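No value in this document is a laboratory result; all are computed from the given coordinates. Computed from a prediction, not measured in an experiment: that's the story for all the values here. Ideal geometry is used to build each Cβ from the backbone, glycine not excepted, and the neighbour counts take in all protein chains shown.
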Amino acid sequence: MSLKLPAGLLMLMLVCHASFAQQTIPLYEKNIPGALNVPNEERYDSVNAVAFKVFTPTLTVYLPQKENANGAAVVICPGGGYGGLVMGKEGFAIAEYFAKQGVAAFVLKYRLPDDRIMKDKSTGPLQDAQQAIKLIKQHARQWNVDTARVGIMGFSAGGHLASTAGTHFNHPVIAVKPQVSVRPDFMILVYPVISMTDSLGHRGSRNNLLGKNPSPQKIQLFSSELQVTAQTPPAFLIHAGDDKAVDVDNSISFYEALRHNKVPAEMHIYPKGDHGFVLKMPVEEWMSICIKWMRHSGFL
């Protein structure tokens, strides 16, 4: 499959499988917005497939076979408390499953908030999420994607990023033309960090994203349960009731906000499993529920 990407947008072929094509491409063709001119200290733990100090954001593209493609697409945001990215289990493994279901999947290696490398660390990850949606829509024809069925998925702190993309789309933090929307059409949130409040938020994620002493305005702005409107996209949430890292009330509060704004949502709460519980079971065991929701919601 050939991709007619803009000149300068380098494509690095990684692996070709029988069922899908995998490529990693730079997220930005030229300058990275808000980036500071400092040395690149990004590193990657290949044993555990975890990225740290992400400096250069990328998309790893998993395309289904053309005859199997159904037009849906998902941007996948791995978790890691905004301090690292669990690229393997919360990224590549999920993308492979999506591609086998005919869904184009895009694993986002987003910049981790860091005053050393960006002008405003609170908006750096969101810039990358919005750029990913923009880029997919720009190349929808080449990737066999329906621009009305481009969703976003996030795990843990990646869930916070996904929910932020789903509630902040009316205020883009990247350059977009008026006719281009960075609104995801749906959200899939897996044991997500939702709130930045003292009572509910995950302190490590908040410290990394907003600093140790954020203003009340910043806390409210980045607490997704407080930013839901009737225009917020539909959501699928999954969490464990005994999650000791990210309280299940994060998902519950977001679900309630969606319900009160009459936004379609489905939530699954497992009684046990703690944080990262889906990583301990076969992908198809829980992803089949997600696929069923996508189908019933009209995204497949």
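Numbers at a glance
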{"quantity": "Cubic angstrom per residue, convex hull over Cα atoms of the stretch 40-87", "calculated": "99 Å³"}
{"quantity": "Helix-only CD estimate at 222 nm, as mean residue ellipticity for the chain, using -39500 (n - 2.57) per DSSP H run (n ≥ 4)", "calculated": "-7000 deg cm²/dmol"}
{"quantity": "Surrounding net charge for S195, when Lys and Arg each add one and Asp and Glu each subtract one, Cβ distance under 15 Å", "calculated": "-3"}
{"quantity": "Global form of the stretch 153-300, assessed from the alpha-carbon gyration tensor, a/c cut-off 1.5", "calculated": "oblate"}
{"quantity": "Fluctuation leader among Q179, Q217, Q227 - the chain, Gaussian network, Cα springs under 10 angstrom", "calculated": "Q179"}
{"quantity": "Simple Cβ-charge dipole of the chain, Lys/Arg +1 and Asp/Glu -1, about Cα centre, in debye nearest 20", "calculated": "700 debye"}
{"quantity": "DSSP-defined antiparallel bridges as percent of all bridges, the chain, nearest 5", "calculated": "50 percent"}
{"quantity": "Selected from P216, P184, P64 as most flexible by GNM, with the chain as the system and alpha-carbon contacts under 10 Å", "calculated": "P216"}
{"quantity": "Dipole in debye (nearest 20) - the stretch 162-252, about Cα centre, beta carbon charges: Lys, Arg +1; Asp, Glu -1", "calculated": "420 debye"}
{"quantity": "Rounded if a/c under 1.5, otherwise prolate or oblate - the chain, Cα gyration tensor axes", "calculated": "rounded"}
{"quantity": "Cα-based shape type of the stretch 214-300, given that a ≥ b ≥ c are square roots of the gyration tensor eigenvalues and the cut on a/c is 1.5", "calculated": "oblate"}
{"quantity": "Candidates H239, H275, H139: whichever shows maximal mean-square fluctuation once the chain is modelled as a Gaussian network with Cα springs under 10 Å", "calculated": "H139"}
{"quantity": "Set of lysines near K292 by C-alpha distance (under 16 Å), chain-local residues within fewer than 8 positions excluded", "calculated": "K100"}
{"quantity": "Net charge over other residues, Cβ less than 14 angstrom from the Cβ of G158 (K, R count +1; D, E count -1)", "calculated": "+1"}
{"quantity": "Set K66/K137; K30/K119; K89/K119 screened for pairs whose C-alpha atoms are more than 26 Å apart", "calculated": "K89/K119"}
{"quantity": "Cβ-based net charge around G273, under 13 Å, with every Lys or Arg adding one and every Asp or Glu removing one", "calculated": "-1"}
